[in-house]
Amino acid sequence: MDKPLIDVKDLRIRFHGAQRSHDAVRGVSFTIGREKVGIVGESGSGKSLTGRSLLKLTPKGAKISATHMRFKDIDLLSASEREMRKIRGNHISMILQDPKYSLNPLMRIGNQIVEAYRLHHKTRPAEAKEKALAMLEAVQIRDPDRVFKLFPHEVSGGMGQRIMIAMMLIPEPDLIIADEPTSALDVTVRRQVLTILDELVTRRGTGLMFISHDLNLVASFCDRVLVMYAGRIMEDLPASELHNARHPYTQSLLESLPRLDVAVENLTVPVRDPSWLDGPVYRNGELA
Amino acid sequence: MKPTRPLIEAVGLSISFGPKHARTRVVDDVSFRINEGEAYGLIGESGCGKSTILRALSGLNGDYDGALTLADKELPKTRSKDFFRRVQMVFQDPYGSLHPRKIVEKVLAEPLAIHGIDRASERITETLDAVGLGPSFRYRYPHELSGGQRQRVAIARALITDPEILLLDEPTSALDVSVQAEILNLLRRLRIERNLTYLMVSHDLAVIAHICERAGMMYKGKIIEELTSHQIRQSQAGQDYTREFLQATIEAVARRDEAVA
Ligand SMILES: Nc1ncnc2c1ncn2[C@@H]1O[C@H](COP(=O)(O)OP(=O)(O)OP(=O)(O)O)[C@@H](O)[C@H]1O
Ligand SMILES: Nc1ncnc2c1ncn2[C@@H]1O[C@H](COP(=O)(O)OP(=O)(O)OP(=O)(O)O)[C@@H](O)[C@H]1O
Ligand SMILES: [Mg+2]
Ligand SMILES: [Mg+2]
């Protein structure tokens, strides 16, 4: 196998509070190559923090430690803020869970894309504008000329997310960290957006860390899945094997989904077993 | 069976945005009725106008044509204080909807103070419990919560004034599936217990079919047809567009069958 893009061993993220500290991520190890890796798991399990830690964009007060945390040959733990800025600008892009917060609220959408584009490509403004419009079209925005002139608060939730995706693809990064990139999209648009991401990953050999709570989507779209619970990876398995998951937590997640083919009175709510907190974890169907 | 009467009605609702010379009509002559105790869904592709309808009904945007009525009375463009107690909204975006510098307790105490509702402390405990957040969350700031935890706070805030109507805009799309199951069970239970009426937007048809009796299929600002949850499940549609829209989801479900088979 090629050398992975990302290699993380025993990552821990701790918050120091006034009264007590708490460990949000507790010893997570994984690699990401030129592949699509899905991260699923319940709210608060540490998915976003894990993703953000790769860019050292964790909130103030979060303390990151690890045996190692590498992007290619760069040691992320010891990288300076200057080096990190370079990585964020050129090599690793993050599509955030909260699109409206990552767009500048005071600037028209089109101008933001043009600006981002010109940061990475030497072009005249007119050409950059054409590119920006083409990009909006590529992420399936109907009526790109109109949307170009809108402010972030004037677009729908799903449109905001697609605009973010368009912006993140501009630097042609090595790795994309997508945090719930499609959660607000309907199926038709979601499929189109995934096709765009998929094309990029496959054609350009980009790595993708795809954080999502949509198990069906991850099972069909990703190559590998990491299942997080309470700050740990409970299971690391090929996406096509998700239905054969061994960990009872993964199994209970699958059972909790509402289904179109069967109507039920009540959905099965996963029971959380305290013994999972420090219990065994599985890799590729085997106890790890 | 209890008598049904429309609790909410939209008649010829149209909403436009943009400057005078370049106005775009994003909601176009939409009419629907929702009976008391009923759950009605809005489905349709991103940008078709679902949230815009909810915002107009909720009183956030008074710039619309046509009429919106509540219990047979046309709503004034500027809503009364009582309206805001009776009709509560849960937004798609759990980030923008909570004030960054208010702890959870304050978020929940405010609507109680505004509407002069008693037993504040107890209600806060009960409501946090109802949405599956323990008492330790009471003193947290939004930035100390994950996305799903914030959405549960948003739902708690909507429930705390004991409303009759909930307008739900993608209430579970930011939640993981285990919490989604909890919240959907909660929404179903509360509707029966408190005889609530729902208007709900979701891109997940399984969620719509689970919660709603009926749904309006939207396309470019219009409701092109109404479907029962049964019709959604069976993919029975009158219009080609609806059939295509439903079909796209059926494929996703086929993948799910592979996944759980
Ligand atoms: N600034 C902070 N201070 C204290 N705790 C925090 C802070 N930010 C996050 N946490 C905690 O860290 C844990 C992990 O948060 P994270 O945002 O990674 O969750 P997540 O898995 O992405 O959840 P979601 O699916 O809801 O987005 C949560 O329990 C959260 O409350
Ligand atoms: N304040 C505004 N100014 C200008 N245009 C707006 C404004 N609010 C909404 N729009 C436009 O109205 C259309 C419908 O938006 P709306 O938010 O209702 O879509 P939606 O159906 O909820 O989509 P999604 O599923 O993506 O949330 C979009 O084209 C959007 O750009
Ligand atoms: Mg998250
Ligand atoms: Mg919307």
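If you filter the range A:33-87 for trypsin sites (Lys or Arg not before Pro), then keep DSSP loop positions with at most 12 other Cβ within 10 Å, what is left? Counting only loop positions with at most 12 other Cβ atoms within 10 Å, the trypsin sites (Lys or Arg not before Pro) in the range A:33-87 are A:Lys60.
Distance between the modelled labels on A:Glu81 and B:Glu244, one decimal in nanometres: 5.1 nm (7 Å Cα→Cβ projection). Once the Kirkwood radius over Cα pairs is known for chain A, the Stokes-Einstein relation at 20 °C and 1.002 mPa s delivers a diffusion coefficient of 107 µm²/s.
Across peptide B:25-37, the mean count of Cβ atoms from other chains lying within 10 Å of each residue's own Cβ comes to 0.
Close amide H partners of B:Asn35, meaning residues 5 or more places away or on another chain with modelled amide H under 5 Å apart, are B:Leu7. Close amide H partners of A:Ile177, meaning residues 5 or more places away or on another chain with modelled amide H under 5 Å apart, are A:Ser93, A:Met94, A:Ile95, A:Met209.
Contact order, relative form, for the range A:126-226: 26 percent (alpha carbon pairs under 8 Å, 6 or more residues apart, mean separation divided by residue count). Think of each Lys and Arg Cβ as +1 and each Asp and Glu Cβ as -1; about the Cα centre, that makes the dipole of chain B roughly 680 debye. For A:Val225, the residues whose amide H sits under 5 Å from its own are A:Gly38, A:Leu237, A:Ala239, ignoring neighbours fewer than 5 places away on the same chain, with H placed 1.01 Å from N.
Of all aspartates and glutamates in the structure, those lying under 16 Å Cα to Cα from A:Lys149, and not within fewer than 8 positions of it along the same chain, are A:Glu115, A:Glu130, A:Glu137. In this calculation the C-beta distance from A:Asp10 to A:Thr268 is compared with R0 = 35 Å, giving a FRET efficiency of 0.55. Expressed in units of 2.2 N^0.38 Å, where N is the residue count, the Cα radius of gyration of the range B:137-209 is 1.11.
Taking the Cα centre as origin and putting +1 on Lys and Arg beta-carbons and -1 on Asp and Glu beta-carbons, what dipole magnitude results for the range A:78-219, to the nearest 20 debye?
Numbers: 19 positive and 18 negative charges, 97 e Å.
With only Lys, Arg, Asp and Glu charged at Cβ, the dipole is about 460 debye.
Counting, for every residue in B:165-177, the Cβ atoms of other protein chains within 10 Å of its Cβ and taking the mean gives 5. A:Thr202 sits with roughly 100 Å² accessible to a 1.4 Å probe, with DNA, RNA and ligands left out of the calculation. For the range B:72-197, the Cα-based Rg and Dmax, in that order, read 14.1, 43 Å. Along the axis of the charge dipole computed for the range B:6-260 (Cβ charges of +1 for Lys and Arg, -1 for Asp and Glu, origin at the Cα centre), the listed residues B:Ser46, B:Val30, B:Ile103 are led at the positive end by B:Ile103.
Three principal axis extents of the range A:43-172 based on alpha-carbon atoms, in descending order, are 49, 36, 23 Å. With semi-axes defined as the square roots of five times the eigenvalues of the C-alpha gyration tensor, the equivalent ellipsoid of the range A:30-111 measures 23, 18, 14 Å, largest first.
Hey, what's the range B:6-260 come to in accessible area per residue, 1.4 Å probe, Å²?
Values: 10200 Å² over 255 residues.
Computed with neighbouring chains in place, this is 40 Å² per residue.
Note on chain A: with a GNM built from Cα contacts shorter than 10 Å, the maximum mean-square fluctuation among A:Ile141, A:Ile233, A:Ile163 falls on A:Ile141. Once the Cβ-Cβ distance of A:Glu130 and A:Glu199 is raised to the sixth power relative to R0 = 30 Å, the FRET efficiency obtained is 0.90. With the gyration tensor restricted to C-alpha atoms of the protein assembly as shown, the semi-axes of the equivalent ellipsoid amount to 36, 28, 24 Å, longest first. About its Cα centre, the dipole of chain A is roughly 1120 debye, where the only charges are +1 on Lys and Arg Cβ and -1 on Asp and Glu Cβ. Which percentage, to the nearest 5, of the DSSP beta bridges contained in chain A is antiparallel? If we restrict to bridges inside chain A, about 55 percent are antiparallel.
Anisotropy class assigned to the range B:94-140 is oblate, per the alpha carbon gyration tensor with a/c at or over the 1.5 cut-off and a/b no larger than b/c. Of the cross-linked pairs B:Lys106/B:Lys222; A:Lys9/B:Lys106; A:Lys131/B:Lys220, those separated by over 29 Å at the C-alpha level are B:Lys106/B:Lys222; A:Lys9/B:Lys106. Using the alpha carbons alone, the radius of gyration of the range A:165-263 stands to its Kirkwood radius in an Rg to Rh ratio of 0.98. Pull up the cross-link candidates among the lysines for A:Lys3, meaning alpha carbon to alpha carbon under 19 Å and not fewer than 8 places away within one chain. The reachable lysines, counting only those whose Cα sits under 19 Å from A:Lys3, are A:Lys36, A:Lys72.
Tell me, what is the FRET efficiency for B:Ile114 and A:Ser240 to the nearest 0.05, using R0 = 45 angstrom and their Cβ-Cβ distance as r?
Details: r = 52 Å, r/R0 = 1.16.
My answer for the efficiency is 0.30.
Over the C-alpha trace of the range B:6-260, radius of gyration and Dmax come out as 18.5, 53 angstrom.
Where in the range B:37-76 does the label zone of B:Glu213 land, with the point 7 angstrom along Cα→C-beta and an amide N cut-off under 20 Å? Once the point is set 7 Å along Cα→Cβ of B:Glu213, B:37-43, B:69-73 turn out to lie under 20 Å by backbone N, inside the range B:37-76. Looking at the protein assembly as shown, the DSSP beta bridges with both ends there are about 55 percent antiparallel.
Computed 3J(HN,Hα) for the range A:48-57, one whole-Hz value per residue from the Karplus formula 6.51 cos²θ - 1.76 cosθ + 1.60 where θ = phi - 60°, is 5, 4, 4, x, 5, 5, 5, 9, 6, 10, glycine and proline marked x. GNM remark for chain B: springs join alpha carbons under 10 Å apart, and the peak mean-square fluctuation among B:Leu166, B:Leu98, B:Leu54 falls on B:Leu98.
Hydrodynamic radius of the range A:18-57 by the Kirkwood approach over all distinct alpha-carbon pairs: 12.0 Å.
Quick check on the range B:6-260: of the DSSP beta bridges with both residues there, what percent are antiparallel, nearest 5%?
On the way: 21 of 38 bridges.
Roughly 55 percent of the DSSP beta bridges within the range B:6-260 come out antiparallel.
Per the accessible-area calculation with a 1.4 Å probe, the total area buried between chain A and chain B rounds to 4200 Å².
The values are calculated or read from the model by the stated rules, or taken from the named source; none is laboratory data. Model, not experiment: these values are computed from the prediction. Every residue, glycine as well, gets a Cβ built from its backbone with ideal geometry; the counts of neighbours run over all protein chains shown. Surface accessibility is based on the protein's heavy atoms, side chains included, excluding ligands, DNA and RNA. Shrake-Rupley method; radii C 1.70, N 1.55, O 1.52, S 1.80 Å.
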